[in-house]
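What follows is calculated from the coordinates using simple rules that are stated; it is not laboratory data. Note that the coordinates shown come from a computational prediction; the quantities given were computed from them, not determined experimentally. Using ideal geometry, Cβ is built from the backbone for each residue, glycine included, and neighbour counts are taken over all protein chains shown.
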């Protein structure tokens, strides 16, 4: 039994070291996320632009119906882009945009994506680069391609992401968000997707913490002896008077 206790103490020590390091990462990442400005994490201020008015007497919708050729429509909306108002039509083949003025198809190209991002930037910073994404990145991991990335030359190193299908502004990312996302990854221990806190690694760490607590209590009582409580009895022995022996006859 003594040998088993020795091995258990050794395993307990090394598991405790690993769990202790993870607790340190949790404390650092949690503190960092709490200190970061959440308004900056969300992208900072955004410019509000008035929507262009719908053209009166337009023939856009009849032409849209002709372009659809009787294709079933599952979604329909009226949206505004920086240059015009458009119909957003959802069919079984995806989302398509049409001009509300004349019904012509509208493509979200580089110029349109740049205009959408620039109209939302509050400081009017210069655009450094515009490029379509070839794959989903951490910044837009919950969205779908096609997506345009528009980088601005500002103090935040802002990157705006515009949907290549709808022309909507999907996300506004900056250095503050990038730091927050890094600490979020450390906190939830999802080093690949950074989206889930219910994955095998963190579940394993949770069971390891339960095992560490259980074995810690067992080792505490297993190795506890009477001399560990001797310090509690010493003051009592000091106060108790010496025992008087009877005088010899």
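Key figures for this structure:
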item	result
Residue order, fewest to most surrounding Cβ atoms within 10 angstrom, among 159, 165	165, 159
Mean Cα-pair separation over length for region 107-197, i.e. relative contact order, pairs under 8 Å, 6 or more apart, %	24
17 Å cut-off, amide nitrogen to a point 7 angstrom out along residue 182 Cα→Cβ, residues in region 132-150	138-139
Distance in nm between pseudo-label sites at residue 61 and residue 111 (7 Å out along the Cβ direction from Cα)	2.9
Radius, Kirkwood style, for region 57-106 when every pair of distinct Cα atoms is counted (Å)	10.7
Unit Cα scatterers, Debye sum, region 107-197: log10 I(q)/I(0) for q = 0.18, 0.20, 0.26 Å⁻¹	-0.79, -0.93, -1.28
